[in-house]
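Here's the structure, in structure tokens; my notes come after.
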Ligand code: C2E
Ligand code: CA
Ligand code: CA
Ligand code: CA
């Protein structure tokens, strides 16, 4: 018989969320999670290597279910995309991140907030209005908001028009997981993006696999030549950091500097880090 006790569910890893009955159970629990206040955001600092300052943060969604405990985004986000809950959840994320960004402007002026978007949010007719409303409610300048979108989301009909509209609103675009998608390189000209986020899978190979180093260097030089800022994600080691620095990477994000943290911890970290940079 299937065990359904607490213990069986304690570690909800991506492996577990794969089975159909488990996905269904998670899907059901997720429906109440928003109104029960079970979601929160963590914030991971992004360090500008030129100024040696934290210039932005990425908002990362966290879900702690009352019985299951913390559920990994790698598990629940694909399910939320499938059942459509990513739309209301994504709206909550956008609003929450904008509020937080505005609160931080008083002590950390200019700090930029990056928010992940699901393709499903992006494809909706009311998407631009949702973004505008979140900014207006938070009284946040659109210049301080960046939206992270994967290449896949940009391949759909109408996506480029939405990008153009976002740019016209002064909102920045970052192409997430860059290098892992399907787009042809010539296509990135049309993306209207400011930044490319070099996927962690390449970064983690630095110092270990020559191919990953070659691809990393190629993306950095492509970014430079075409005017994109490249953000390296998943930077964990000094070896990776010095390689990226040496090859002209401008911004890094990863455990080497900081993990994603609750707002208060992130604020303390950034204040301290940037004070040190000025000293
Ligand atoms: P992502 O957008 O590529 O986010 C980066 C992931 O790498 C995060 O995982 C982050 O915690 C992790 N990470 C950061 N630095 C390091 C490092 O140095 N080493 C390692 N091993 N990992 C690092 P997380 O928070 O589990 O999120 C996983 C994915 O879930 C995200 O990947 C993103 O695709 C999705 N996600 C998270 N929050 C949201 C959200 O609010 N909306 C949507 N649509 N997707 C989200
Ligand atoms: Ca991201
Ligand atoms: Ca990524
Ligand atoms: Ca991703």
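Summary table below
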read-out: Tail weight of P(r) past 31 Å, computed on alpha-carbon pairs of the chain, percent; value: 29 percent
read-out: Gain in span if fully extended, residue 222 to residue 167, counting 0.36 nm per residue against the direct Cα distance; value: 17.7 nm
read-out: Proxy reagent accessibility, fewest Cβ within 10 Å first, across 103, 57, 71, 93; value: 103, 93, 71, 57
read-out: For the stretch 108-266, the Rg and Dmax computed from alpha carbons only, in angstrom; value: 16.2, 48
read-out: The chain - mean residue ellipticity at 222 nm from DSSP helices (-39,500 (n - 2.57) per run, n ≥ 4, rounded to 500); value: -13000 deg cm²/dmol
read-out: Degrees between helix 263-278 axis and first principal axis of the chain (Cα, 0 to 90, nearest 10); value: 10 degrees
read-out: R0 of 51 Å, Cβ-Cβ distance residue 67-residue 141: FRET efficiency to nearest 0.05; value: 0.80
read-out: Likely footprinting exposure, 92, 63, fewest C-beta neighbours within 10 Å first; value: 92, 63
read-out: C-alpha center-to-center spacing [the stretch 146-194, the stretch 18-94] in angstrom; value: 22 Å
read-out: Sequence-separation-based contact order of the chain, relative, with Cα cut under 8 Å and 6+ spacing, percent; value: 18 percent
read-out: Per-selection Kirkwood Rh - the stretch 201-241 (Cα, Å, 1 d.p.); value: 10.5 Å
read-out: Over the stretch 190-279, volume per residue of the alpha carbon convex hull, in Å³; value: 120 Å³
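Bear in mind these aren't lab numbers, they're just calculated from the coordinates by the rules spelled out. Given the structure is predicted, the values throughout are model-derived calculations rather than measurements. Here Cβ is always computed from backbone atoms with ideal geometry, including for glycine, and neighbour counts include all displayed protein chains.
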